[in-house]
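The structure appears right after this line, and notes come after that.
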Amino acid sequence: MSRAKLHQLGIELPLLPTTSVGSFPKPDYLMKARADYAQKKITRSELEQAERRATEFWIRKQEELGVDVLVDGEMYRGDMVAYFAEHMEGFQRGGLVRSYGNRYYHKPIISGEVRWKVPITVDWWKFAQGLTSRPVKGMLTGAYTVMDWSFIESYPDRRSACLALAKEIRKEVEALIEAGARIIQIDEPATSVRPEELPAAIEAMHVTTDGLPAYFITHICYGAFEQIYPGMLDFPVDNLDLEMSNSGLDLLALFRKHRYTKDISFGIVDVHTHEVEAEPVVEERLRQALETLPKEAVWVDPDCGLKTRTVEEAIAKMQSVVTAAKALRN
Ligand SMILES: [Zn+2]
């Protein structure tokens with residue numbers, strides 16, 4: 001069914017399309033430029049020049065590797081929630097809190113009425129898509145995750161903050177579609193943490209996407225899947241992008257118990273290890289996926305964003321994804 005939708009949108013993909021979850025590591029010169037900019041040693045436009053150079057590097061790299069659906073690599077983002085909060089009205093920058101590993105980010109405070117003012121990601125999407133003839137995914141963070149990773153002061157409860165955000169984020173989706181994006185990924189990594197809020201996350205996704213002409217993907221990080229599956233199949237998206245390998249493919253057992261009904265971006269390499277898995281290991285994971293899921297429904301990618309790996313590790317892991325997909329297409 002989703003193949004038909006892609007066809008309608010003018011996108012033809014091979015069997016087992018390859019992609020990535022979104023973020024790639026920032027090359028050293030960009031890390032330095034970000035630090036220099038923070039210390040006011042370089043201008044905003046010098047920083048953007050480094051961001052564009054790094055974006056072009058990753059587009060070329062994905063093309064060379066033979067990836068089918070590309071991403072811009074998020075060279076311009078620090079954190080996936082703070083970035084959107086900084087570009088919308090109604091937020092204040094909060095204090096530093098720890099997220100995963102040893103990373104810190106400024107946890108935003110929702111302190112007023114949230115409002116989308118201007119396109120946030122559209123220029124980056126246009127720049128990236130302008131560099132390649134392969135489809136580039138539009139990438140944004142979903143309302144539920146923006147809400148969950150912020151402090152809420154100006155809404156009576158989490159659900160109302162989430163729905164208000166969903167209505168505004170829809171405007172970003174519309175702007176991406178207007179610019180020409182046909183595959184749009186709305187990340188909701190936080191969904192798997194509080195099963196009791198799954199209905200609110202799904203309701204928000206309806207507000208953000210209903211009736212809009214694009215193939216929608218949502219990435220959910222590993223969590224309490226046994227409690228949100230099969231409920232998460234109610235997300236109004238075409239494709240769920242899931243972290244499968246870090247947990248030893250244990251989700252496949254859930255899919256056998258209750259049939260999985262959407263397309264899936266199936267993570268076949270672990271993003272949490274420096275080690276690049278051997279080809280047979282990666283191919284075996286994909287083979288197991290194909291024993292449980294219809295081959296037409298399977299896309300192939302790493303478990304999660306690769307931004308915490310080195311540039312070399314990220315390239316090697318993407319290479320493993322492409323090699324395994326090509327091997328099993330035959
Ligand atoms: Zn993830």
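Computed quantities for the displayed model
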quantity: Residue in region 239-249 that is surrounded by the fewest Cβ atoms within 10 Å (Cβ to Cβ), counting only those that are of a type outside the set (A, V, I, L, M) and within 16 Å of the ligand (Cβ to nearest atom); calculated: SER247
quantity: Leading residue by the ranking (nearest to the ligand (Cβ to nearest atom)) among those in region 190-202 that are within 19 Å of the chain's Cα centre (by Cα) and open to solvent by 10 Å² or more (accessible area, probe 1.4 Å); calculated: VAL193
quantity: Tabulated pairs, region 254-270, first loosely packed, with under 13 Cβ neighbours inside 10 Å, second polar (S, T, N, Q) and outside any loop (DSSP other than H, G, I, E, B), C-beta under 6 angstrom, 6+ apart or interchain; calculated: ARG256/THR292
quantity: Any hit, region 274-282, residues being touching a residue at least 40 places away in the same chain (Cβ under 8 Å), assigned to a helix (DSSP H, G or I) and not small (Gly, Ala, Ser); calculated: yes
quantity: Residues of region 262-273 that turn out to be hydrophobic (A, V, I, L, M, F, W, C) and part of a loop (DSSP other than H, G, I, E, B), as a count; calculated: 1
quantity: Filter pass, ALA278 being small (Gly, Ala, Ser) and either within 16 Å of the ligand (Cβ to nearest atom) or closer than 21 Å to MET80 by Cβ (or both); calculated: no
quantity: Residue match in region 48-59 (condition: under 30 Å from LEU293 (Cβ atoms), charged (D, E, K, R) and surrounded by 20 or more Cβ atoms within 10 Å (Cβ to Cβ)); calculated: no
quantity: Failed item, numbered, when THR308 is tested on (1) open to solvent by 30 Å² or more (accessible area, probe 1.4 Å); (2) away from the ligand (no atom under 16 Å from the Cβ); calculated: (2)
quantity: Condition met for VAL71 (free of Cβ contacts under 8 Å to residues at least 60 places away in the same chain, of a type in the set (Val, Ile, Thr) and under 30 Å from GLU168 (Cα atoms)); calculated: no
quantity: Residue ID - nearest to the ligand (Cβ to nearest atom), chosen from residues in region 216-238 that are of a type outside the set (A, V, I, L, M, F, W, C) and buried (at least 24 other Cβ atoms within 10 Å of the Cβ); calculated: HIS219
quantity: Residue count for region 72-114, restricted to those that are among the charged types (D, E, K, R) and part of a loop (DSSP other than H, G, I, E, B); calculated: 7
quantity: Exclusive hit being within 16 Å of the ligand (Cβ to nearest atom), without any contact (Cβ under 8 Å) to a residue 40 or more places away in the chain and touching a Ser or Thr at 6+ places or on another chain (Cβ under 8 Å), set ASP187, ASP79; calculated: ASP79
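The values are calculated or read from the model by the stated rules, or taken from the named source; none is laboratory data. Keep in mind it's a predicted model, so treat the numbers as computed, not measured. Ideal geometry is used to build each Cβ from the backbone, glycine not excepted, and the neighbour counts take in all protein chains shown. Ligands, DNA and RNA are stripped out before the accessible areas are found, and what is left, the full protein with its side chains, is counted by its heavy atoms. Shrake-Rupley method; radii C 1.70, N 1.55, O 1.52, S 1.80 Å.
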